[in-house]
Structures are given as structure tokens and as C-alpha cells.
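Structure first, then comments.
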Amino acid sequence: MKEQTIVLKVNGKEISMVPFVQNILKNAVEAVAKELNGYTEDGDIEITIRR
């Protein structure tokens, strides 16, 4: 990845990730999303986890 395409924020603060971690997170999320009805290849994927 040339630029950071994965953004992780905890309590509004952006957490930086090395490319290896970005790839793991991206691949895991995309793999799950692809199995869901309504998934399309184009566009962004957004996840919000409220605790």
C-alpha cells in the first residue's frame, strides 16, 4: 500500500498502523463483507464499533 487506506480511530484518536497490520485488517474485513448480500466491489467499507 502506497498510502494508508485503513484508518483506525480509538476514542476519536487515529492509531497508526504499519502496512502489514493494515493489510491484515483490510483483508479480514473485505473477506467477511464479500459474503454478505448487498456487497459490491466499488465504494468504501466503513465499520463503527461502539463500546
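Cβ contacts < 8 Å: first residue closer than 12 Å to ILE47 by Cα, restricted to the range 1-16; second residue part of a strand (DSSP E or B) and modelled with pLDDT of 85 or more, any location; separation 6+ or different chain. Result? Matching pairs, first to second residue: VAL7/GLU14; LEU8/GLU14; LEU8/ILE15; LYS9/ILE15.
Let's see how each residue does on (1) in a loop (DSSP other than H, G, I, E, B); (2) out of contact with any Ser or Thr (no Cβ under 6 Å at 6 or more places or on another chain); (3) not acidic (Asp, Glu):
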{"site": "ILE6", "(1), (2), (3)": "yes, yes, yes"}
{"site": "LYS9", "(1), (2), (3)": "no, yes, yes"}
{"site": "GLU14", "(1), (2), (3)": "no, yes, no"}
{"site": "VAL21", "(1), (2), (3)": "no, yes, yes"}
{"site": "LYS26", "(1), (2), (3)": "no, yes, yes"}
{"site": "THR40", "(1), (2), (3)": "yes, yes, yes"}
{"site": "GLY43", "(1), (2), (3)": "yes, yes, yes"}
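Of all residue pairs spaced 6 or more apart or on separate chains, those with beta-carbon atoms under 8 Å, a first member in the range 30-51 that is under 28 Å from LYS13 (Cα atoms) and at pLDDT 90 or above and a second member that is aromatic (Phe, Trp, Tyr) and part of a loop (DSSP other than H, G, I, E, B) are ALA33/TYR39.
The values are calculated or read from the model by the stated rules, or taken from the named source; none is laboratory data. Since we're looking at a predicted model, the values are computed, not measured. For neighbour counting, all protein chains shown are included, and Cβ atoms are generated from backbone atoms with ideal geometry for every residue, glycine included.
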